[in-house]
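The values are calculated or read from the model by the stated rules, or taken from the named source; none is laboratory data. Since we're looking at a predicted model, the values are computed, not measured. Cβ sites come from the backbone with ideal geometry, for glycine too, and all protein chains shown count toward neighbours.
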Amino acid sequence: MNYLSILCCLFWVTCFSQTKNVLFLGNSYTYYHSLPQLTSDIALSFGDTIFWDSNTPGGYTFNQHSTNTTSLTKISAGNWDHVILQEQSQLPSFPPFQVASDCFPYASLLVDSILSANPCTEPIFFMTWGRENGDQGNCANYPPLCTYDGMQARLRESYIQMSIDNECTVSPVGAAWKYIRDNHPSINLYTADGSHPSIYGSYLAACVHYSTIFRKSPLGSTFNSSLSQTDAHTLQQAAKLVVIDSLDNWRIGANDAVAGFNYTINGSLASFSLNSTNIDSVLWKFGDLSTSNSLNPNHEYLDNGNYLVELIAFLNCTSDTSYQTISISGLSIKEHKPFTLNYTNDCITINFKSSAEKSISVINSIGKLIYFKETNERQLILPKLESQFHILTVWDQNYGRSSLKIIQP
């Protein structure tokens with residue numbers, strides 16, 4: 001690998017890797033094979049980092065976690081990007097009236113505790129899986145539990161309802177589990193008790209958690225744990241199909257700001273209208289160094305040209321950005337400029353026609369201010385620009401404001 005390739009790789013890792021702080025609250029289903037560490041190892045294989053902590057006493061319920069000192073102390077630290085909540089494995093599959101009284105209220109208590117400690121933390125409900133042959137101990141009292149499919153259907157219904165009631169996300173491990181059982185039955189996801197996960201089951205759960213947390217496919221992870229590359233690939237593919245290809249099913253991103261806008265142009269006046277969802281405030285950047293916080297602003301441009309308009313939409317702790325380029329033409333503009341340009345390989349020389357006070361600014365193709373200076377000198381040398389296209393704006397006390405597109409050779 002040459003030096004340039006190394007730099008490109010470093011740039012990619014630095015710019016696109018993410019770091020997350022994640023708390024896991026559950027029981028033995030989360031504890032087996034150190035599911036948090038498996039998730040962290042998969043993340044690390046993609047250059048992402050998870051700093052995690054957990055509390056996973058055997059058989060624990062949401063009710064118990066909601067009063068457990070260790071769980072509440074960890075929640076109150078408030079430094080979590082995500083808290084993953086796993087209920088006792090059978091309880092959400094019980095009859096709806098029982099789940100409504102024994103599960104849902106405590107799920108809400110935990111979510112309230114998490115958001116009270118940090119309103120920017122995302123609670124995630126860990127949808128578990130049905131037992132290999134259903135829940136035979138409770139089958140007589142509630143027939144849906146007599147089979148795996150019946151139990152899995154009830155778990156899915158309950159976890160999705162919890163996510164809707166609490167406006168939270170689901171990590172659909174149970175749905176990926178069903179996909180593997182239906183399509184790759186030779187992969188045994190269970191230990192001998194037909195309930196707890198084998199290493200295959202835990203690895204699948206880790207792939208799903210990774211996809212839910214980072215919203216990325218786990219396909220191609222070089223961390224296979226003790227699995228063969230073929231089996232690991234199959235489980236990664238299942239997680240991608242269930243999570244990444246169906247984000248809306250699991251409310252992944254449902255609480256995120258989404259930016260978008262429309263516009264009309266009448267001469268020098270551009271009128272902007274929001275086409276955004278889940279927002280409570282905005283910042284407009286009009287591409288000529290002007291900004292606005294109005295929801296549907298009008299903006300008058302002083303010069304002909306193409307302007308890259310940026311809209312940043314905010315909702316609580318999330319933001320999203322939308323860009324569009326608009327064209328202003330037909331304005332009556334002085335034929336002469338108060339300056340001339342000379343290009344060299346390494347710089348641009350600006351020669352001004354007057355020694356009046358003036359301010360000089362340069363913005364790049366995405367509207368970012370990269371140079372500003374106030375001077376009364378007749379000549380200014382700009383350093384070599386970082387890309388080919390820029391807009392130079394000069395305000396001269398004698399000539400007023402002028403803008404010019406710079407296309408550097």
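General remarks:
- Looking across segment 12-71, the residues that are within 13 Å of Ser202 (Cβ to Cβ) and outside any helix (DSSP H, G or I) come down to Phe24, Gly26, Thr56.
- Identity of the residue in segment 52-74, in contact with a Ser or Thr (Cβ under 8 Å, 6 or more places away or on another chain) and under 10 Å from Leu110 (Cβ atoms), that ends up surrounded by the fewest Cβ atoms within 10 Å (Cβ to Cβ): Leu72
- Restricting segment 387-402 to residues that are surrounded by 12 or more Cβ atoms within 10 Å (Cβ to Cβ) and within 37 Å of the chain's Cα centre (by Cα), the residue that is modelled with the lowest pLDDT: Phe389
- Selection count, segment 75-100, where residues are assigned to a helix (DSSP H, G or I) and either of a type in the set (Gly, Ala, Ser) or surrounded by 19 or more Cβ atoms within 10 Å (Cβ to Cβ) (or both): 6
- Of the residues making up segment 121-162, just one is in contact (Cβ under 8 Å) with a residue 60 or more places away in the chain, in contact with a Pro (Cβ under 7 Å, 6 or more places away or on another chain) and of a type in the set (Phe, Trp, Tyr), namely Tyr159.
- Unique match (being surrounded by 12 or more Cβ atoms within 10 Å (Cβ to Cβ) and either modelled with pLDDT of 85 or more or among the aromatic types (Phe, Trp, Tyr) (or both)) among Ile312, Ile350, Ile363: Ile312
- Options Ser116, Ser108, Ser158, Ser186; residue that is at negative phi, buried (at least 21 other Cβ atoms within 10 Å of the Cβ) and assigned by TED's automatic domain parsing to the domain that holds Pro36: Ser158
- Yes/no for Thr277 being over 22 Å from the mean Cα position of the chain (by Cα) and among the polar types (S, T, N, Q): no
- Residue, surrounded by the most Cβ atoms within 10 Å (Cβ to Cβ), within segment 119-129, restricted to residues that are in a strand (DSSP E or B) and in contact with a Leu (Cβ under 8 Å, 6 or more places away or on another chain): Phe125
- Residue match in segment 288-297 (condition: free of Cβ contacts under 8 Å to residues at least 40 places away in the same chain and among the acidic types (Asp, Glu)): no
- Within the option set Thr234, Thr264, Thr230, being buried (at least 16 other Cβ atoms within 10 Å of the Cβ), modelled with pLDDT of 90 or more and not aliphatic (A, V, I, L, M) holds for one residue only, Thr234.
- Residue selection: Gly330 fails the criterion of being closer than 30 Å to Asp256 by Cα, modelled with pLDDT of 70 or more and of a type outside the set (S, T, N, Q).
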